Amino acid sequence: MKKIIIKNGLIASALVVLFMVISTYLWKTDPNFKPTAVYGFTGMLIAFAFIFIGIKSYRDNENNGAISFGKAFKIGSLIALIASTCYVLAWLILYYNFIPDFMDLYSKCVVDDAKAAGESAQQINAKLAEVNMMKEWYKNPLYIILLTFMEILPLGIIVALICSLILMRKAKPNTENKISENQNLKTES
């Protein structure tokens, strides 16, 4: 089980980090590129497909086609945790080494989007207040870690939950033993 969790967790990690690196690169180098939540969550969902693959692989190859909800959820959650941890570590590397001005860029992006949507000055100021609060949080590495985990881990847990419900399967009764038991009963009669 450990091998399946690690393998699928690392593949999911590679995919989610790749999406993050590409979007960060494009955001920094292409003035027309606007990172969106849709793009970010799409990358996460593609990576979290390996939760499904990992649970199914364990069920079909290691556990004779059966898996309880609890075991499936444990496998899925651990894969999500590995991918989320790698995502957080990659973000810390990107943030501290390549985009330490991220919050300023993010603030500008929020204001530009709000203006383009025709929001009032009051609405824009409310959004700026939220961004300024996040800027304060970003001064502490612990908050950066927690905020980044909150971007990805809840989605991974939801995917693990859904995959566990879809893939759980009770063990099939051993029909060979029942047949031989019935034959023994007939010969004894």
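Pairs from the list 34/139; 108/135; 2/74 with a Cα-Cα gap above 19 Å: 34/139. A straight line joining the Cα centroids of region 22-51 and region 72-140 runs 13 Å.
Note that region 142-151 has calculated 3J(HN,Hα) couplings of 4, 5, 4, 4, 5, 4, 6, 4, 5, 6 Hz, one per residue in order, obtained from phi through the Karplus relation 6.51 cos²θ - 1.76 cosθ + 1.60 (θ = phi - 60°); glycine and proline are x. Note on residue 172 and residue 1: with the Förster distance fixed at 22 Å, the Cβ-Cβ geometry gives a FRET efficiency of about 0.60.
Under 5 Å from the amide H of residue 63 lies no amide H of any residue 5 or more positions distant or on a separate chain, with H modelled from the backbone and absent for Pro and chain starts. Tell me the angle of helix 69-97 to the major Cα principal axis of the chain, expressed in degrees between 0 and 90 and rounded to the nearest ten. Relative to the chain, helix 69-97 is tipped by roughly 30 degrees.
If a spin label sat at a point 7 angstrom from the Cα of residue 158 along the line to its beta carbon, the backbone N atoms of region 25-41 nearer than 11 Å would be those of 41. Karplus-derived 3J(HN,Hα) values for region 116-126, using 6.51 cos²θ - 1.76 cosθ + 1.60 with θ = phi - 60°, are 5, 7, x, 6, 6, 4, 5, 5, 5, 5, 5 Hz; glycine and proline are entered as x. Specify the angular offset, from 0 to 90 degrees and rounded to the nearest 10, of the alpha carbon long axis of helix 37-47 from the longest principal axis of the alpha carbons in the chain. Tilt of helix 37-47: around 30 degrees. Here the peptides 3-10, 20-27 are ranked by packing, the mean other Cβ count within 10 Å, and the order with the highest first is 3-10, 20-27.
Hull volume per residue, based on the alpha-carbon atoms of region 12-100 and their convex hull, is 90 Å³. The residues packed around residue 139, meaning those with a beta-carbon under 15 Å from its beta-carbon, carry a net charge of -2 if Lys and Arg are +1 and Asp and Glu are -1.
Where a number appears in this text, it was derived from the coordinates with a stated rule and is not lab data. All values derive from a computational prediction rather than experimental measurement. Cβ atoms come from the backbone with ideal geometry, glycine included; neighbour counts cover every protein chain shown.
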